[in-house]
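Okay, so here's the structure we're looking at.
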Amino acid sequence: MDLQKLCFVITVTAVISLVCYPSSVTAGDIVHDDNLAPKKPGCENDFVLVKVQTWVDGVEDAEFVGVGARFGTTIVSKEKNANQIRLTLSDPLDCCSAPKHKLDRDVIMVHRGHCKFTTKANNAEAAGASALLIINNQKELYKMVCEPDETDLDIHIPAVMLPQDAGSSLEKMLLTNSSVSVQLYSPRRPLVDIAEVFLWLMAVGTILCASYWSAWSAREAAIEQDKLLKDAVDEIPNEKAVGFSTVVDINTTSAVLFVVIASCFLVILYKLMSYWFIELLVVLFCIGGVEGLQTCLVALLSRWFKHAGESYIKVPFFGPLSYLTLAVAPFCIAFAVVWAVYRTVSFAWIGQDILGIALIITVLQIVHVPNLKVGTVLLSCAFLYDIFWVFVSKKVFHESVMIVVARGDRSGEDGIPMLLKIPRLFDPWGGYSIIGFGDILLPGLLIAFSLRYDWLATKSLRAGYFPWAMLAYGLGLLVTYVALNLMDGHGQPALLYIVPFTLGTFLALGKKRGDLRVLWTQGEPETPCSHVRLQHSEELN
């Protein structure tokens, strides 16, 4: 299974490096207060997204999204308060000079041209327009601001910028139809969407399941070793190799190295972001997802099909595989392939989440934090990594590298696949709430360690570290969402909040209980021998 493990390790490296903010929407920010854009009386609006609903000859047609200007009047938030108004194309097209014809409270559509936005707005208002639609000369939206020396800012009509493709569609409507009308409004996003609640439950539930599986597997390994001790075996295999050959312990060097490798990988993603690179990530994600789903299904089904799970056959190139693995593998491969082919459909997020959760659980089963020292180094480095690539990278690259990569900007795709996502159900702007795999995996390594320690130390649920670690993670993620909503939907580095809660709680509790030295260095309770520890564990459970 060397090839299988190699592909899995490559995928895990790609996955964990994307420790990105937990929630975003594909429509962009609803309200955005840009401190870099100058504000002055008459030019102090927040930038808001605006819906432009169209009617052609009285029949409802396409809807476009634009962004409101810093100047002019504000746009109504409720659709029922927005009127349908006839749309007119400006003459001259750029409206840098007064329109040739007077307007009867029409919405005037103009090209961007080369004059100031406020000049266009003043000319349109003087001609009798009720609103101004400016068509950008690029596909992206642009923030319409005021020049520092402008004084003629007493503008009483709203101005909206539309992307180039939307403008082309509207112009075609105007040229081929007798009547086109529009309705402008900017609906507010709900403070909390139910999608964030479900995403929180998914993240917490994934860590909970993975932690119990990891602790159970560690106990099975301890049972196997105890049998060897009782049988007076002369040469005892390494504990990690008994019935659990795929466990990898992280050390402090690899914890620091992770940040370096992850940063390099993130920069590569940022620089090479394109359609074909997203396709490569999809392939890697599918490989990891197939391995994860197969591992989870085999572990689950082996309870009922024990003989098939323990019977092996040697397969060329892959080595010995159980009959149960051979039976499950085609289903897992087919599931991943179907998701990859139809990943752009509206319900594809379900398949992505299933593959992602299976992958995360499998990684937490394979990769272990051996003690609190390694966990502290790993999470501290990830904490700095997250902050740097979400916030500080703006100073170097003029945009947040993490956010650009997570959204899949410049790739023509709707974001990278290494995310759990749920569609926002009550958001008028649609989009998804998302959380990066790293925001679950990295804290999950420490939380899984806490449960393994509790079981080996025969601690009760109340006296253990695991319930407090889970509670701290849940609160940290909750605070992340609160911060996200307070920041008007701007991306937030989840580990900025999760790491202090989770790691801080663990360190403080270990210090208070006097276990910090053992947790920090050994990661296992001090017991005379493993069979005594095992006997206590069996009595507790």
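The values are calculated or read from the model by the stated rules, or taken from the named source; none is laboratory data. Computed from a predicted structure; not experimentally measured. Positions of Cβ are generated from backbone atoms using ideal geometry, with glycine treated the same way; all protein chains shown enter the neighbour counts. Areas reflect the complete protein model, heavy atoms only, side chains present, ligands, DNA and RNA absent. Shrake-Rupley method; radii C 1.70, N 1.55, O 1.52, S 1.80 Å.
Can you say whether F265 is aromatic (F, W, Y) and at pLDDT 80 or above, as far as the supplied structure shows?
yes
Identify all residues within segment 123-147 that are crowded, with 19+ Cβ neighbours inside 10 Å and of a type in the set (D, E); write none if there are none.
Residue satisfying the conditions is E125 alone.
When the residues of segment 315-328 are filtered to those that are in contact with a helix residue (DSSP H, G or I) (Cβ under 6 Å, 6 or more places away or on another chain) and either outside any strand (DSSP E or B) or closer than 26 Å to I207 by Cβ (or both), which remaining residue is modelled with the highest pLDDT? Working first, answer last.
The initial filter retains those residues of segment 315-328 that are in contact with a helix residue (DSSP H, G or I) (Cβ under 6 Å, 6 or more places away or on another chain), namely 322-325, 328.
Of the ones still in play, those that are also either outside any strand (DSSP E or B) or closer than 26 Å to I207 by Cβ (or both) are 323-325, 328.
Values: Y323: 80, L324: 86, T325: 84, V328: 91.
Filtering segment 315-328 for residues that are in contact with a helix residue (DSSP H, G or I) (Cβ under 6 Å, 6 or more places away or on another chain) and either outside any strand (DSSP E or B) or closer than 26 Å to I207 by Cβ (or both), the one modelled with the highest pLDDT comes out as V328.
Just the residues that are touching a residue at least 60 places away in the same chain (Cβ under 8 Å) and either of a type in the set (G, A, S) or in contact with a strand residue (DSSP E or B) (Cβ under 7 Å, 6 or more places away or on another chain) (or both), please, taken from segment 273-319.
If the condition is that a residue be touching a residue at least 60 places away in the same chain (Cβ under 8 Å) and either of a type in the set (G, A, S) or in contact with a strand residue (DSSP E or B) (Cβ under 7 Å, 6 or more places away or on another chain) (or both), then S274, G288, G289, G292, A299, G319 are the ones that fit.
Looking at E279, is it within 22 Å of I350 (Cα to Cα) and in contact with a Lys or Arg (Cβ under 9 Å, 6 or more places away or on another chain)?
Here the answer is no, as E279 does not meet what is asked.
Could you give every pair whose Cβ atoms fall below 6 Å, whose first residue belongs to segment 492-515 and is under 15 Å from P467 (Cβ atoms), and whose second residue is surrounded by fewer than 19 Cβ atoms within 10 Å (Cβ to Cβ), counting only separations of at least 6 or pairs across chains?
F501/L475; T505/W468; L509/W468; G510/L516
Return the total of residues in segment 277-314 being outside any helix (DSSP H, G or I), polar (S, T, N, Q) and within 25 Å of T206 (Cβ to Cβ). Talk me through it step by step, then tell me what you get.
Initial filter on segment 277-314 (outside any helix (DSSP H, G or I)): 302-305, 311-314.
Next, from what is left, pick out any that are polar (S, T, N, Q): 302, 311.
Those still in the list that are within 25 Å of T206 (Cβ to Cβ) too: 302.
The total comes to 1.
Of the residues T295, T253, T206, which is at pLDDT 85 or above, of a type in the set (S, T, Y) and open to solvent by 60 Å² or more (accessible area, probe 1.4 Å)? Talk me through it step by step, then tell me what you get.
On the way: T295 fails: open to solvent by 60 Å² or more (accessible area, probe 1.4 Å); T206 fails: open to solvent by 60 Å² or more (accessible area, probe 1.4 Å).
Exactly one residue qualifies, and that residue is T253.
Please state which one of A448, A483, A472 is hydrophobic (A, V, I, L, M, F, W, C), under 21 Å from S400 (Cα atoms) and either part of a helix (DSSP H, G or I) or in contact (Cβ under 8 Å) with a residue 12 or more places away in the chain (or both). Spell out the reasoning first.
Numbers: A448 fails: under 21 Å from S400 (Cα atoms); A472 fails: under 21 Å from S400 (Cα atoms).
None of the other options fit; the residue is A483.
Looking at G464, G476 in this structure, which one is of a type outside the set (D, E, K, R), over 16 Å from G436 (Cβ atoms) and open to solvent by less than 60 Å² (accessible area, probe 1.4 Å)?
Being of a type outside the set (D, E, K, R), over 16 Å from G436 (Cβ atoms) and open to solvent by less than 60 Å² (accessible area, probe 1.4 Å) holds for just one of G464, G476, which is G464.
Considering segment 332-370 alone, what residues qualify as being in a helix (DSSP H, G or I), in contact (Cβ under 8 Å) with a residue 12 or more places away in the chain and open to solvent by 30 Å² or more (accessible area, probe 1.4 Å)?
Within segment 332-370, I333, F335, V337, V338, W349, I354, I357, I366 qualify.
Taking segment 148-184 on its own, how many of its residues are touching a Pro at 6+ places or on another chain (Cβ under 8 Å), farther than 15 Å from D61 by Cα and open to solvent by less than 90 Å² (accessible area, probe 1.4 Å)? I'd like the intermediate steps shown before the answer.
To start, the set of residues in segment 148-184 that are touching a Pro at 6+ places or on another chain (Cβ under 8 Å) comprises 148, 153, 184.
Right, trim to farther than 15 Å from D61 by Cα and you get 148, 153.
Then keep just the ones that are open to solvent by less than 90 Å² (accessible area, probe 1.4 Å); that gives 153.
The number of residues fulfilling the criteria is 1.
Scan L18, L36 and give me the residue that is over 26 Å from W349 (Cβ atoms), modelled with pLDDT under 90 and in a loop (DSSP other than H, G, I, E, B). Talk me through it step by step, then tell me what you get.
Working: L18 fails: over 26 Å from W349 (Cβ atoms).
Step by step, each of L18, L36 is checked, and only L36 is over 26 Å from W349 (Cβ atoms), modelled with pLDDT under 90 and in a loop (DSSP other than H, G, I, E, B).
In segment 52-116, which strands (runs of 3 or more DSSP E) lie fully inside it and hold 3 or more residues that are of a type in the set (V, I, T), in contact (Cβ under 8 Å) with a residue 24 or more places away in the chain and open to solvent by less than 80 Å² (accessible area, probe 1.4 Å)?
107-111
So L420 ticks every box in (1) closer than 22 Å to K271 by Cα; (2) in contact with a Gly (Cβ under 6 Å, 6 or more places away or on another chain) but one. Which box is left unticked?
The failed condition is (1).
Among the residues of segment 209-225, which ones are open to solvent by 60 Å² or more (accessible area, probe 1.4 Å) and over 18 Å from D439 (Cβ atoms)?
Answer for segment 209-225, where residues must be open to solvent by 60 Å² or more (accessible area, probe 1.4 Å) and over 18 Å from D439 (Cβ atoms): Y212, W216, E220, E224.
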